[in-house]
1. Could you please let me know if residue 283 is in contact with a helix residue (DSSP H, G or I) (Cβ under 8 Å, 6 or more places away or on another chain) and surrounded by fewer than 23 Cβ atoms within 10 Å (Cβ to Cβ)?
2. Of the residues that make up the stretch 540-554, is at least one under 25 Å from residue 97 (Cβ atoms) and in contact with a strand residue (DSSP E or B) (Cβ under 8 Å, 6 or more places away or on another chain)?
3. I'm checking my understanding of the structure. Among residues of the stretch 326-362 that are in a helix (DSSP H, G or I) and within 12 Å of the chain's Cα centre (by Cα), which one is farthest from residue 401 (Cα to Cα)?
4. Here are 122, 171: which of them is surrounded by fewer than 21 Cβ atoms within 10 Å (Cβ to Cβ) and closer than 16 Å to residue 364 by Cβ?
5. Just to verify a result, which residue in the stretch 249-263, among those that are out of contact with any helix residue (DSSP H, G or I) (no Cβ under 7 Å at 6 or more places or on another chain) and outside any helix (DSSP H, G or I), is surrounded by the most Cβ atoms within 10 Å (Cβ to Cβ)?
6. Answer with yes or no whether residue 94 is within 30 Å of residue 466 (Cβ to Cβ) and part of a helix (DSSP H, G or I).
7. Could you please let me know if residue 386 is part of a loop (DSSP other than H, G, I, E, B), in contact with a helix residue (DSSP H, G or I) (Cβ under 7 Å, 6 or more places away or on another chain), surrounded by fewer than 18 Cβ atoms within 10 Å (Cβ to Cβ) and not assigned by TED's automatic domain parsing to the domain that holds residue 178?
């Protein structure tokens, strides 16, 4: 792997890596039973540089911003590298958001260029707030030959035969503007610098070292902070290979391990659960004698690998299981959300190392990582290299709010100095998560101080963003909260959203009102639905500008309403 401390920007580091390993395979795009694309680093460069020059010819200048909106595929990474080569700032957008939300984030980012998959661009073109799309240049990816591009350029034809001009950015210059998966009236665009990314990759490299021959299975969307780092920056700067798998079907994920001899993969807890369920089904189908033998072998492996992983031993003892994962799997990284310790224990017993991490976009991904020395499924590990961590305002149990400081912490929230000042205090990032640091330096998490939940898919849900779906319900006022924020439970699992309803004077809670709530709730994605509601009898506290004082309201509710009064929805 390259020594990333020697480089000033991502474009410079990626350029050096591409030139160092020209004949190694860098990208494979697999779609179920067929392979769409296979590129060497040389071929990747040949695809990216004409695109970079075409951007420059179209007026793209150092510091210009370009958004990418597409599913995982080779063109995502080719476009990203072209943006960095042309000294631009990348804005990765979530393709799973609705088109109006994508337009809102694009406008907030100040991007001039939109590189979007054709079907996503068509949805944007039909959105009611299309006037908010300020793009000077739109490039459509994977458009059918006879498609109406609606003013966009075709990605496959957007090329120039001249060499692009490369000029390295500075370490403190913005590299990406990354938005949390929540959207709403106050977009949260994390401005991450080149230094943030280079320092993060260098900090995690000792645990996940990439070199030619290593293969990373990419199934988390590339716009997600975890996969952008693990499925692009780290493999490429080590000469490794990224395998994009365009499906989440568990059986096809399992077959990809063997087909491509996968070395590493990052997952969110939900994907890890699916893999666990598949293995349990296979174990249950074994004859009784083999099931008993498997139980004995897993117990032996678990005991002898408690102090540290011994892959050679686990692969020998549980050969068939490791062969089912391709025989070369070194580790799975799980992050993006809290992972149940019993789930981590299941894979550890099989000799498959699960590196449980904790992080956030504002810290450029990883804050802590469990190095499995010894195996501690109850914690999220110790700080990664260069990361300082402390807990603030400790209670009687030694639990406080987690704060971190390092060169990986973002420079600011875009266009929001107020939120930036609340989040970064004297150089410390205030995470809003509650934790305790034990004597060995391991961090254990106990819940959230902030009014937010994180789903098993690794999505951040800000309750105020859900409220738009309930605008117009026939009540005087309402407010959505994370239940564990209202009633702290010292847990990172089972998080739910709840609605506080304040009725008009003389109004009663009718079946019609409850049905309206339920109907609106069903139209939301599963992960954004509220689980219950309760009636609050007093006026909500408000600011002079009539905004709800959420913290004050939460404190009032916490002191007067018990969680059990919540009615299910």
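The values are calculated or read from the model by the stated rules, or taken from the named source; none is laboratory data. The model shown is predicted, which means the values in this text are computed figures rather than measured ones. Note that each Cβ is placed from the backbone with ideal geometry, even for glycine, and that neighbours are counted across all protein chains shown.
1. Details: in contact with a helix residue (DSSP H, G or I) (Cβ under 8 Å, 6 or more places away or on another chain): yes; surrounded by fewer than 23 Cβ atoms within 10 Å (Cβ to Cβ): yes.
It is true that residue 283 is in contact with a helix residue (DSSP H, G or I) (Cβ under 8 Å, 6 or more places away or on another chain) and surrounded by fewer than 23 Cβ atoms within 10 Å (Cβ to Cβ).
2. Going residue by residue through the stretch 540-554, those that are under 25 Å from residue 97 (Cβ atoms) are 547-548, 550.
Filter once more, so that each one left must be in contact with a strand residue (DSSP E or B) (Cβ under 8 Å, 6 or more places away or on another chain): 548, 550.
Yes, the stretch 540-554 has at least one match.
3. So in the stretch 326-362, the residues in a helix (DSSP H, G or I) come out as 341-349, 361-362.
Applying the additional criterion that residues be within 12 Å of the chain's Cα centre (by Cα) yields 361-362.
On the way: 361: 17, 362: 16 Å.
Top of the filtered list is 361.
4. On the way: 122 fails: closer than 16 Å to residue 364 by Cβ.
After ruling out the rest, the residue left standing is 171.
5. Going through the qualifying residues, I end up with 263.
6. Working: within 30 Å of residue 466 (Cβ to Cβ): yes; part of a helix (DSSP H, G or I): no.
Against the criterion (within 30 Å of residue 466 (Cβ to Cβ) and part of a helix (DSSP H, G or I)), residue 94 does not qualify.
7. On the way: part of a loop (DSSP other than H, G, I, E, B): yes; in contact with a helix residue (DSSP H, G or I) (Cβ under 7 Å, 6 or more places away or on another chain): yes; surrounded by fewer than 18 Cβ atoms within 10 Å (Cβ to Cβ): yes; not assigned by TED's automatic domain parsing to the domain that holds residue 178: yes.
The answer is yes for residue 386.
So that you can scan it fast, the table gives a plain yes or no per residue for (1) in the same structural domain as residue 376 (by TED's automatic domain parsing); (2) modelled with pLDDT under 95; (3) touching a strand residue (DSSP E or B) at 6+ places or on another chain (Cβ under 7 Å):
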| position | (1), (2), (3) |
| --- | --- |
| 240 | no, no, yes |
| 273 | yes, yes, no |
| 280 | yes, yes, no |
| 290 | yes, no, no |
| 293 | yes, no, no |
| 297 | yes, no, no |
| 325 | yes, yes, no |
